[in-house]
Structure formats: C-alpha cells, structure tokens
Amino acid sequence: MSTPPDALPADAFDLLATLVAVVRVDGRCERVNAALENALCQSRRKLVQGQALDWFVDPAPLRDALQRTGELMVSRFEATLHGPAPGAHPLPVHVVVSPLERGGARGGVLLEMIEIEQQARQDREERTHRLAREQKELLRNLAHEIKNPLGGIRGAAQLLALAAAARDFAESAEYTDVIIHEADRLQALVDRLLAPHQRALVLGEVNIHEVCERVRAVVLAEFPRGLDIRRDYDASLPELRGDRERLIQALLNIVRNAAQALAARITAGDACITLRTRVARQLTIGQQRFRLAIELQVEDNGPGVPAELRERIFQPLVSGRADGTGLGLALAQTFVQQHEGTIEYESTGGLTRFKLLLPVR
C-alpha cells in the first residue's frame, strides 16, 4: 500500500530527490514537490490543477497507466518530459505510477519520475570522487618519494658549485647551476601537488559574486583585448561558508583555461566567456543531499574539450596544451570537493560549460 503524501510532513515531500506528483485518474495534478518544480521550471501554482499529461512528449503511456490504476496495478515505463523552456533539451525519465488509498478508499495515483541523466551524473560523481581519493594518495606518496632525493641532489650540486668556484672552473659552475635550477623546478612542482592537502581551509562567509569579480578582473588584465567576460548573476544568492582564496583559485583556473582555449577567437576579437550564477535546490552530490546550493557556470565559445581528454581532464598532469602542467583543473576539482561540492562540464564544438556546484549550509 502506498503512503499518501498528505500523511507525510510537509518538508519531507520537498526533500525527495525524485520528481513526484499526486495526480487524479483523469490526469489533473493535485500536488508536486520542489524537485519537479525545478525540473520543469514552472511554479507549483501553475503545475497544480494543470494536466500531468501535458508534461510528457508522448502522454500515451501515462494515460494507459492511469486507466489501469483501478486494478491497483503499479506501472513502470520510460518517458520524456518537455524541456523547461522553448528549445531546451527534453528530459528522459523513468516513471513509476502507483495507486493511492485515502481513508480506506482508492483515490488518485502517486507519480514518481527519476531523471535518467541524474542517475548517470551521480554515478559519474561517485567515480570522480573515488578517483580523486586514489590520486590524492598516489600523488602524496609519489611527491614524498621525489622530495627526498631532490634534496640530496640540490645539496650535492651546491657543494660542487662551491668547489668549482674555488678552483675557478667556470664550465663546471654552469652545469651545477643547471642542476640546482632543475631541482628547484621539480621541487616547486611537487609543492604544487601537495599544496591542496597540506593547509586547512580558512573558513568564512563568502559572496560568490565577489569571487567572480575578482577572477574576472585578473583574467581581463591578462587578456586585455579580444576577450569579453560577461556577467549573468542571480543577485538573490546567499553567501556560503568557505575558503575564499581557494574558491578564487578554483574559478581562476577554470576561467584562465577557457581564455587560453579561446586563443584563436581572441585574435579574431570575438572570444566570449560568461560567468553565470544560479540557485540549485535539493541537490545530491556524491552520497549527500543538500537542500540548497550555488551553481556557478563558466561558459565559453571555444572549440571544446578534445575528445581524447574528456574522460581525463580532472586528472593531474593531463593537459591539452604543450606548455600546460595539467594541474589547473585537478586543483580546481580538489578545492571544490573540499567544500563538499563538485565540478561538472559539457562540451561541444562552439560551446563549453563548466558547472561548479557548491552547497550552502
């Protein structure tokens, strides 16, 4: 027997991750939860008393399921919801239609819809978090193994340099300078690999738009001509508790990567990056459910992420540029994960969009 949503606490209905509605057998909607509002981008007032059949690209499977509810049958089928806006992509869902009993009598159905893409996204997030943990441990072990011989190499090179100077061996001094310089460069690389895990977060109230403005100013100073960085902010967003400097660095790494990928368009003078902020509600990240989160998008009109890198762009030392270190996106993901968030992206020719999802507590 299905539990009537009316018997649930009001907050519990809206805390459900799935898209849920209570519908009469004729398809008229009586109640929806926040997740369904967000998915359809329509207000609860508009959805309630409307027709649930109108939500679907093909309403026939739902109509058939509603007709069978008198037999106390539970129906399951795959369907597609209309996009939240004209021209938007439709939303594939798995639908479960269950008959309800109210006061001992049958009355209406519970309509549950599970986003197929959401499930796939959660699976990707779990793999990303697991990979990040494994890589963190590997990098820490590797970095410590590298640091010990580096110290010995640098010390020996300094002794050689002193001996060469005493004997006026100019050529030897040149070689020892190269050894010291390269040892310092490797040391700096190792320190960058270890840096995200060595210092605790410095927490405080952070305005995400101040973070965006700081990054925007830095990148425009670096690329003063041919690049337009547009703002599309939701001014109603609350502050979040986090490490301001790490959030700046995470966003800066992503925006700078986008600017570097736009080199050809910057030369042509039509390069564009958009910083967009939105609220996200009832968001699941990893194994945790958050009632409220900030979604920060970085969108550019560049060539997109190369196909061969799309599964590995957040891995350390993976770069699409010959002179890249491959640490920018890896560090950005680490910093965001330290705030219990995650970074997602989608990329096609002419459009790349990174989404930083940051829970608000």
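Looking at this structure, is VAL219 under 20 Å from the mean Cα position of the chain (by Cα) and either at pLDDT 95 or above or surrounded by 13 or more Cβ atoms within 10 Å (Cβ to Cβ) (or both)? Considered against the rule, which asks whether it is under 20 Å from the mean Cα position of the chain (by Cα) and either at pLDDT 95 or above or surrounded by 13 or more Cβ atoms within 10 Å (Cβ to Cβ) (or both), VAL219 comes out as no. Every condition in (1) over 25 Å from GLU213 (Cβ atoms); (2) modelled with pLDDT of 85 or more holds for ILE248 except the one numbered (1). One residue stands out among those in the range 165-203 that are on the phi < 0 side of the Ramachandran plot and outside any helix (DSSP H, G or I): the one that is modelled with the lowest pLDDT, which is PHE169.
Taking the range 334-350 as the range and being within 12 Å of GLU299 (Cα to Cα) and out of contact with any strand residue (DSSP E or B) (no Cβ under 7 Å at 6 or more places or on another chain) as the test, the residues that pass are SER347, THR348, GLY350.
Scanning the range 245-264 for residues that are in a helix (DSSP H, G or I), surrounded by 18 or more Cβ atoms within 10 Å (Cβ to Cβ), more than 16 Å from the chain's Cα centre (by Cα) and without any contact (Cβ under 8 Å) to a residue 60 or more places away in the chain yields a single hit, ALA259. Taken over the range 32-68, the criterion of being touching an Asp or Glu at 6+ places or on another chain (Cβ under 8 Å), within 19 Å of HIS94 (Cα to Cα) and not in a helix (DSSP H, G or I) is satisfied by ASN33 alone.
Quick one: would you say VAL20 is closer than 25 Å to ARG291 by Cβ and among the aliphatic types (A, V, I, L, M)? So VAL20 passes the test.
The values are calculated or read from the model by the stated rules, or taken from the named source; none is laboratory data. What you see is a predicted model; the values in this text were computed from it and never measured. Every residue, glycine among them, receives a Cβ derived from its backbone with ideal geometry; neighbour counts consider all protein chains shown.
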